[in-house]
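Where a number appears in this text, it was derived from the coordinates with a stated rule and is not lab data. Not measured: the values here are computed from a predicted model. Cβ placement follows ideal geometry from the backbone for every residue including glycine, while neighbour counts extend to all protein chains displayed.
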Amino acid sequence: MSAPVVRLLDARRTGLDERGLRAWARAVSSCLGPPRATRSYRFPYALVAASDGPVGVDLERVEPVDRAFAVSIATPDERGALDAGEAGDDIAAWAIALWSAKEALAKALGDAVAYDPRRLPSPLRWPNLRAGAWRAARVAVPAHHTGWLCWRTAGGDPDVPERFVMQDPLSEPAVRRLATNAAAARREAETPECPDSGIPAGAVPAEYAAWIAAVPAKPASRRREARGASAASA
């Protein structure tokens, strides 16, 4: 079982709106090839990961959060680490990384919504980012964001790449076709090659806009829900 493949998408380079970014990420999921894929979005960025085994990826924007939020998503051991000063002077960065790693693991386990973050230990604190057959890694993402990847190995212990992210994995002709109409987008999703190249900016044609309008909206952020719960209990 090989290490996962991860791609970072930047909607600013393609002129796509948030729905367009989600549609692009879905096409890239198919383009990457392995049977299991996972995606995460924080507009204007998206992360897509694919593997032949269980895999999860998460991207979060580092925003101000208070100690109450950190406590609301932490296990008892993690709360102890927080009390011991592990977060240092930047509770927000620590708490959101803690959360992001949990989200990536929960996705790899099958359903991010099914796991209570207060009972799911974060891979952020795994020794050497390993736990049995499971592996975790920070993903190289833009400033003021944090990204995490979790996957399960089988049999061997695949090498972990030093850098997981390769940006914008569709060629210029591929993106042009992808933005033309729904049929071209679906054909592109079946194309096995994903070369790296620059992508021209431009408006999204009406035909593509009609297709991406059918992409389901992402449910409300669980992190926002957790923040609301911590505020309500304060």
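Sorting the segments 136-145, 96-105, 4-13 by their mean number of nearby beta carbons within 10 angstrom, highest to lowest, gives 96-105, 4-13, 136-145. The distance between label points at A154 and R67 comes to 4.6 nm (points 7 Å beyond Cα on the Cα→Cβ vector). The protection proxy used here, the mean number of other Cβ atoms lying within 10 Å of each residue, ranks peptides 64-70, 127-133, 88-94, 35-41 as follows, highest first: 35-41, 64-70, 88-94, 127-133. Counting neighbouring Cβ atoms within 10 Å and putting the fewest first, the residues C31, C150 line up as C31, C150.
The length gained by stretching the chain between R79 and D116 to full extension, at 0.36 nm per residue less their Cα-Cα distance, is 11.8 nm.
Stretching the chain fully between D89 and L109 yields a gain of 4.0 nm (0.36 nm per residue, less the alpha carbon separation).
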